[in-house]
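Working notes, structure below.
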Amino acid sequence: NAVPSDIQMPKAEYLRLRASVAKQLDYEWRQDAALVQLRAQLDALEKQRRVASDEAYELKAKIDSHRCEDGVGLHAGSFPLAPNAGIMPSSGPGQFLPQADG
């Protein structure tokens, strides 16, 4: 806690200044640590989004290339359905269930 020989100031002022600098450095370190953590979280979210987008694209491609028993494709616009109507898997192939969500 002694004042270094190359610094000309009272000990109380030196200790106050040293404590202030230490506090500022601690604040900056915590801020940097928070930024590093935030960056890692953003990278993880971006990766999850990319994976989800890739999976959605693959599923859409599989759905679009799928053919029903009668050869009709499942791509958007294939079925002129009313809102909240849909085709759902059932015990019978291709059974239309107008009450199903879809």
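No lab work stands behind these numbers, since they all come straight from the coordinates. Note that the structure is a prediction, hence the values are computed from the model and not measured. Quick reminder, even Gly has a Cβ in these numbers, built from the backbone with ideal geometry, and neighbours come from all protein chains shown.
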* When N counts the residues of the stretch 1-62, how does its alpha-carbon radius of gyration compare numerically with 2.2 N^0.38 Å, as a ratio? -> 2.34
* To do: Could I have the simple spin-label model distance between Leu25 and Ile7, label points 7 Å from Cα toward Cβ, reported in nm to one decimal?
  => 1.0
* **Those trypsin sites (Lys or Arg not before Pro) in the stretch 1-65 that DSSP places in a loop and that have at most 13 other beta carbons within 10 Å** => none
* Asked: Taking the Cα centre of the stretch 1-56 as origin and charging only Cβ (+1 Lys, Arg; -1 Asp, Glu), how large is the dipole, in debye to the nearest 20?
  -> 240
* Asked: Counting other Cβ atoms within 10 Å, which GluC sites (Glu not before Pro) in the stretch 1-69 have at most 13 and lie in a DSSP loop?
  -> Glu69
